[in-house]
Amino acid sequence: METFINPKSLFHLLLLPCLLLYSSIAYNSSPVEAAMHTNNWAVLVCTSRFWFNYRHMANTLSLYRTVKRLGIPDERIILMLADDMACNTRNKYPAQVFNNENHRLNLYGDNVEVDYRGYEVTVENFLRVLTGRHETAVPRSKRLLSDEGSHILLYMTGHGGDEFLKFQDSEELQSHDLADAVKQMKEKHRFKELLIMVDTCQAATLFNQLQSPGVLAIGSSMKGENSYSHHLDSDVGVSVVDRFTYYTLAFFERLNIYDNASLSSLFSSYNPSLLMSTAYYRKDLYKRRLEEVPVTNFFGSVMETIHTDAAYKALSRRNSGRFEDEMSLDQSVHHIKRRMLIKVNDGDEIHDINPEGEEGASKCPWSTFRKKFQKAENVDSLLNYGLVAMIPLLVISTWLVQ
Amino acid sequence: MAETKEKSLSDEKPKPRVRPIVRLGIFLISHSFHVSVVCCTAGVLALFLLPVLAKNTYISENALMPGSASPMLSNQHVSDGNRLVKDLTNPNSKSSETGIESHKIIAQYMLDLGAEVSFHKFHPQMNQFHPLHFFSSPDSGKIQENYSCSSYGINTVGIIRAPHGDGKEAIVLVTPYNALKSGFGEALSLGIAYSVFSLLTQVTWLAKDIIWLVADSQYGEYAAVAAWLREYQTPKFSSLSTPNAEMCPDVNNLFELKGHSISGSKFSNSFRRAGTMASALVLKVRDQNEQFEDTISIYAEASNGQMPNLDLINVVNYLAVHRQGLRVNVEKLWSLLNSSWLKSLGEIFESLAKVAKSLYPKWKFGIPATEYVEGTATLASSLYYQALGVPTGPHGAFRDYQVDAITLEISPKFSLDKVWRNDILLRGGRLIEGVIRSVNNLLEKFHQSFFLYLLTSPSKFVSVGVYMIAFALLIAPLPMVAASLYVDANSSSNCSKGDSSTPSAITDTDEHSIAIRSWRWLNSAKLVFIVHLWGAIVSLLPYFISQIPDCSPTTSFMIWVLLSILSLLTLNSVLASPLACAKATQEKEWALVKSVTISSVFIGLGLMSVINFATAEIGALLMVPMCLLAQPLKLDVRAGTLRSFCRMICNLVLGHIAFPPAAFFLLKGMLDGFGNANVGDFWMWVESLWAWNSATYLFIGMVQLPCWVLCISILFHTC
């Protein structure tokens, strides 16, 4: 995974090329305000118990299946199911859960990892998962181990009302609680971007108190509206899926991991007459334009790829201090090697690297430096140029010492 | 601010400050006549408005989800049921005198399905009067000694265990069956139950065990079910059952035969249990029917007017009407359907509603006159059966253990061809399956919907919050009138010399005499207490009378009446005589007696409304006017005005109607016609009341009868 280096840290690097050692240390330890999107997490919560709430579990499991299909691995999905419908005695198909009356797809097939089940799904545990304040005994698989580069999908379904969501028929999660948890997450750099998707009655009210940047929220219904179930499975005898989730899934069924559908196309796919409610999304806290954000940024594990010129870029950057010692031993060899590497990489980077600049790299390194600084495009080549610039300095210093 | 206020107050005349609520009370008491007239009229009117105010029923419990699953009962199951019907109606099966053959057939059928089967042998309990058993739950302790081997019944019980369930809950399906003289209807009901049972042995969605009880109804349906329930709920740990079984080899035979013939099967000699009962359905098929369409009647009233949760009725009604296309009936007082005054009342309400709607379009409370008449007839029967306190079917036995149960009686339009029989088996079976599946979805007991309600149609009900208004209005004037009578009686005797009752006049009089006079009501209270004591004695008398052997109802009744009068006279002479002479001298004594009587009636009605609302309502309709109007006839005769004459007539009429036996005969005459009225009927009726531990019996004996006696004594007061 590639880490995007912001211009500020680059500036440090370039301003003090002679103190490369210090700057590299500074780079490693400095707080990264806009880290790159490096990983994806999903927290999928079904908050209601009881057989007649079968559809909520089916909703959550369907979404679980979708995000898994789009590339989020199981260890990065926290699945919370408040009841076990699959093994409910009333289930006509033991150990199977369906979200459609055609029964084509068993959602509870192989490889369903439920992290929190039954009475473990409480408001307390939910907030603990979000904020990461677990007791020491809680295993890693039950923790949301996200970082500042994480995109998190938080999906919740259950019975809700004005600014609350019912948990387990006995507790409530209020919009304040959610906003506070998200704020704590932000402060602890637990996410880069967060998409909250809620399918309950009056879901939009749950987002009222949110104020952390980078949060995008979508709910199935506005204040005063109900979210309805989509259809009844007369064989199982219960409603099997909610409308909002059904149409969300319908949208994703057409997609695969390589598709570039944007979030705005997802949001505009909700038809109020089909939903029988108005899907509401809140984007005032979210900076990027929805048209440019692929849905797979949240529902899959697809990230922007940054091409590197080094096979082990992270190694070369982190250990640049160590390189220095090596370089002092065999400078010329290293120099040549570096140059060759740059040229090899240049061949690949057709679209974003100016071939002219590469040509001039050997002739006029300082102008290329400026250009690169303005563009801030290829970090590694810049680093390498920095190293090259170091060589005369080193030569002079060794000469002075002698 | 405060100072100025104080000043302004001090400027005025110093007046005793009375709190608004006290002032309101004084106002109401001083205008008690008008208040009581208004309240009573409003109370009666509210009672007649109840059908208009009835709400549509709705499924209150989310978990039930009736009709969300499509029925799985197929023609295969129906043909299974048909097979059983054929075998049972086959003349060969009736060869045995005890009907054991039929039970064997049923048990064999159950075993073939893989169900657990056991026989439950019981001895019918005679209905006896247990004076101390009112309100107490039936217990296993009362086991009679004198069993004869000839009189026992056999319940056949089949149990399906839920395949994935925990076995902690169960649903009971009851089909009464008399092996000795079973009609086709009973066999058909068994066929329906069997087809459902055979389906339920195959399904995977059972969360509760299913118990199918074939109740031997040769000693009455209720007795068989009650005996089984008693055994189920209160297990006997004594060894009483073993000697009984030994005494009756016939029964032993039956058990052993079965045990041997199907060795290794799920048949067991011991009593089998499943979990806590979530609900119970009693299924019956009526033999004759002359109606045009398939109907299903719901009987819900259990002892003392207890009703099952409304959700259970809703589920049955919803499934029957919307899924199986059956017409649903609840009991109606048919005689009311043709009454013209009710029709005109309905028309008045209808036109009133139209006027209201034209004034303000959002007021929509009117119902068509015909619907009103039907609603009233249903409401009246609902009130009547609740007031009676006698269960309307075997489901009543379940209610004693807080299990929600109803009886469903299917009345098919009669025809003998096979298609029709299959059709009724299919539809009835699917209805039962739907109800069972719905109840199976329940997570807890029925608790979401109403327990206190009156039905005005299968899909309309009046909840406790509405019907209590009528009752509250009816009894509201009682305490006011009592207070005003008390005040009047005191002040008028105080001011016999003076004409004003100002506070200054009272302060003038001797304090000692006031103290004596203000305690004078104790005399009246004593009289009222004595009469109530007498009421208690009268209520106990039937226990002793019933011990007399070979006594016809009429003679029993006569003995009862004689003993009652005798005991009243004795009590009066022993306890009340020294006071009687003092009483006679006092003026307005009757007003005090009336005041205390009204208070006691108020307390009695209030208590009864908690135990059995319907009884209290009907009792209030009879007693409140009588109590309020009661005035010595002599005074009315002396006054000689038209008003006093009217009051006299009213008093005499009410004095006749409110006498419990008279009220009974009047009601009976209205319902069945006066032709076959018999004095003994009242005795029989009373006997049935105590046999069912009905609180109505206590109410009549200890509230209504004393009240009537007191009112009569006021009417004939010599003043």
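What total accessible area, in Å², is buried where chains A and B meet, using a 1.4 Å probe and rounding to the nearest 100?
Accessible area lost upon association: around 1400 Å².
How high is the FRET efficiency between B:Thr276 and B:Cys646 when r is their beta carbon distance and R₀ equals 56 Å, given to the nearest 0.05? Here the calculated transfer efficiency is 0.40. When only alpha carbons are used to place a centre, the range B:166-188 and the range B:606-640 end up 46 Å from one another. The range B:372-444 and the range A:67-82 have their alpha-carbon centroids 49 Å apart. Each peptide in A:236-245, B:472-481, A:389-398, B:659-668 gets a packing score, the mean of other Cβ atoms within 10 Å over its residues, and the list from highest to lowest is A:236-245, B:472-481, B:659-668, A:389-398. Residue order by solvent-accessible surface for B:Asp209, B:Asp550 is B:Asp550, B:Asp209, largest first, with ligands and nucleic acids left out and a 1.4 Å probe. For the range A:189-232, the square roots of the Cα gyration tensor eigenvalues, ordered a ≥ b ≥ c, give a/c of at least 1.5 with a/b no greater than b/c, which places it in the oblate category.
The heavy atoms of A:Glu292 present about 120 square angstrom of accessible area, all protein chains included, probe 1.4 Å.
Using bins of 5 Å that start at zero, the share of Cα-Cα pairs per bin across the range B:637-691 amounts to 5, 17, 19, 17, 12, 9, 9, 7, 4, 1, in whole %.
Each residue was assigned an accessible area with a 1.4 Å probe, and for B:Glu444 the value is about 100 Å². Protein-only accessible surface at a 1.4 angstrom probe places the residues B:Lys362, B:Lys104 in the order B:Lys362, B:Lys104, largest first.
When the residues B:Thr554, A:Thr200, B:Thr718 are ordered by accessible surface, computed with a 1.4 Å probe over the protein chains alone, the sequence from largest down reads B:Thr718, B:Thr554, A:Thr200. Using a ≥ b ≥ c from the Cα gyration tensor of the range A:39-299 (square roots of the eigenvalues), is it rounded, prolate or oblate, where a/c under 1.5 gives rounded and otherwise the larger of a/b and b/c decides, a/b for prolate? Rounded is the answer for the range A:39-299, as its axis ratio a/c remains below 1.5.
Given R₀ = 22 Å, what would the calculated FRET efficiency be for B:His164 paired with A:Asp110, taking r from the Cβ atoms and rounding to 0.05?
Working: r = 21 Å, r/R0 = 0.96.
Efficiency, from the Cβ-Cβ distance: 0.55.
Normalised by the number of residues in the range B:585-663, the mean separation of alpha-carbon contacts (under 8 Å, six or more apart) gives a relative contact order of 26 percent. Of the accessible area of the range A:32-185, computed with a 1.4 Å probe over protein heavy atoms only, carbon and sulfur atoms account for 44 percent.
Each part reduced to its alpha carbon centroid, the range A:126-151 and the range B:267-319 end up 53 Å apart. Computed with the Debye formula from one identical point scatterer per Cα of the range A:199-285, without solvent, the log10 of I(q)/I(0) at q = 0.14, 0.21 Å⁻¹ comes to -0.55, -1.03. With all protein chains present, calculate the accessible area of A:Tyr155 using a 1.4 Å probe and round the result to the nearest 10 Å². Looks like 0 Å² after rounding.
The values are calculated or read from the model by the stated rules, or taken from the named source; none is laboratory data. As the structure is a prediction and not an experimental result, all values here were calculated from the model. Neighbour counts are summed over all protein chains in view; Cβ atoms, including those assigned to glycine, are modelled from backbone coordinates with ideal geometry. For the accessible areas, the whole protein counts, side chains as well, though only heavy atoms, and no ligand, DNA or RNA atoms are used. Shrake-Rupley method; radii C 1.70, N 1.55, O 1.52, S 1.80 Å.
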